[in-house]
Amino acid sequence: VAGTIQTQLLPDNIYSAKNFSVYGKSISKSQLGGDYFDYLSVSNEKFGILLGDVAGHGVGAALIMAMAKAGIIQSENYWEKPRELVLRLHQLILESKTKKQKKIMTFQYLCLNSTDGTGVYSNAGACSPIIVRKNESRTEELTLSGAALGAFKRATYDEKNIKFNPGDAIVFYTDGLVESRNEADIELGYDGMKKILLDSWDNSAEIYYNNIYKAYLGYIGSVSAGDDLTIIVAVFNPE
């Protein structure tokens, strides 16, 4: 039952946004995973992408995911204010912690303007997304410090402005990608992941995702996945 409810918390893989091709998918290594992603229709011009990773698996993780989704739905006034949205979720999870329920959650949120390709980003302990500058044949990490939601009472968060050029993409991922290991027990790591992201580029986010996932499977070979794997791709294709 919990698995069914958890599946219903996740959105459709494809999201429709002007000038952006968006695709995401979460693959759990167990019946109840800890990864959560979603899209928000903020306004006619703006939309949001969010990605969270609850420590551990099972019913406890599913409950935190449900709580986070409910908190986000009830925080519509903050959807254009990433830092304030992250802080609000942090307070919600912090107040829900008990001696038996000590779950924390990494989280990140990007509010994008689908017309001009600008965005505002905030991070709460999550893996830094990678911006792929296709026309420059390079990648860059979107780094921003911040404690995981519910980790510390006096947590503070920041936000960062970003700008996409035509053909640029951003790839969100959970640590199941960068920490994947091959048959020789060698970790993919950030350098290996960045190469995959650059080599896999496509102006269709769905094809881009499939290329990444195919490269990931090729890397791990016969090794079983060590963790949940969630990847979200957004490509800026202005008309």
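The values are calculated or read from the model by the stated rules, or taken from the named source; none is laboratory data. Given the structure is predicted, the values throughout are model-derived calculations rather than measurements. Cβ sites come from the backbone with ideal geometry, for glycine too, and all protein chains shown count toward neighbours. In case anyone asks, the SASA skips ligands and DNA or RNA and just uses the protein heavy atoms, side chains included. Shrake-Rupley method; radii C 1.70, N 1.55, O 1.52, S 1.80 Å.
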- So how many residues does segment 78-134 have that are closer than 13 Å to Ala68 by Cα and either touching a Pro at 6+ places or on another chain (Cβ under 6 Å) or among the hydroxyl-bearing types (Ser, Thr, Tyr) (or both)? 3
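Step by step: first the residues of segment 1-26, then only those that are aliphatic (A, V, I, L, M), more than 19 Å from Phe107 (Cβ to Cβ) and modelled with pLDDT of 85 or more, then the one that is most open to solvent (accessible area, probe 1.4 Å). Which residue is that? Even if it seems obvious, please write down each step before you answer.
Narrowing segment 1-26 to residues aliphatic (A, V, I, L, M): 1-2, 5, 9-10, 14, 17, 22.
Within this subset, residues satisfying the condition of being more than 19 Å from Phe107 (Cβ to Cβ) are 1-2, 5, 14, 17.
After this cut, where a residue has to be modelled with pLDDT of 85 or more as well, the list is 14, 17.
Values: Ile14: 104, Ala17: 21 Å².
Filtering first and then ranking leaves Ile14.
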- Ser180 of a type in the set (Gly, Ala, Ser), surrounded by 14 or more Cβ atoms within 10 Å (Cβ to Cβ) and over 18 Å from Glu136 (Cα atoms): yes
- Quick one: what pairs do we get from segment 148-163, first residue acidic (Asp, Glu), second in a loop (DSSP other than H, G, I, E, B), C-beta under 9 Å, 6+ apart or different chains? Asp158/Leu144; Asp158/Ser145; Glu159/Lys81; Glu159/Leu144
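Just to be sure, is Ile64 open to solvent by less than 50 Å² (accessible area, probe 1.4 Å), hydrophobic (A, V, I, L, M, F, W, C), in contact with a Lys or Arg (Cβ under 6 Å, 6 or more places away or on another chain) and more than 28 Å from Ser204 (Cα to Cα)? Break it down stepwise before answering.
Working: open to solvent by less than 50 Å² (accessible area, probe 1.4 Å): yes; hydrophobic (A, V, I, L, M, F, W, C): yes; in contact with a Lys or Arg (Cβ under 6 Å, 6 or more places away or on another chain): yes; more than 28 Å from Ser204 (Cα to Cα): yes.
Here the answer is yes, as Ile64 does meet what is asked.
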- Task: Tell me which residues, restricted to segment 218-234, are closer than 26 Å to Leu50 by Cβ and aliphatic (A, V, I, L, M).
- Result: Ala225, Leu229, Ile231, Ile232, Val233, Ala234
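Hey, any hits in segment 117-131 for a residue that's open to solvent by 10 Å² or more (accessible area, probe 1.4 Å), free of Cβ contacts under 8 Å to residues at least 12 places away in the same chain and within 17 Å of the chain's Cα centre (by Cα)?
Filtering segment 117-131 for residues open to solvent by 10 Å² or more (accessible area, probe 1.4 Å) gives 118, 120, 125-128.
From what's left, free of Cβ contacts under 8 Å to residues at least 12 places away in the same chain: none.
Among the residues of segment 117-131, not one is open to solvent by 10 Å² or more (accessible area, probe 1.4 Å), free of Cβ contacts under 8 Å to residues at least 12 places away in the same chain and within 17 Å of the chain's Cα centre (by Cα), which makes the answer no.
For (1) in contact (Cβ under 8 Å) with a residue 40 or more places away in the chain; (2) closer than 23 Å to Ser137 by Cα, each residue gets a yes or a no:
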site: Asp175; (1), (2): yes, no
site: Gly189; (1), (2): no, yes
site: Met193; (1), (2): yes, yes
site: Trp201; (1), (2): yes, yes
site: Ser222; (1), (2): no, no
site: Asn237; (1), (2): yes, yes
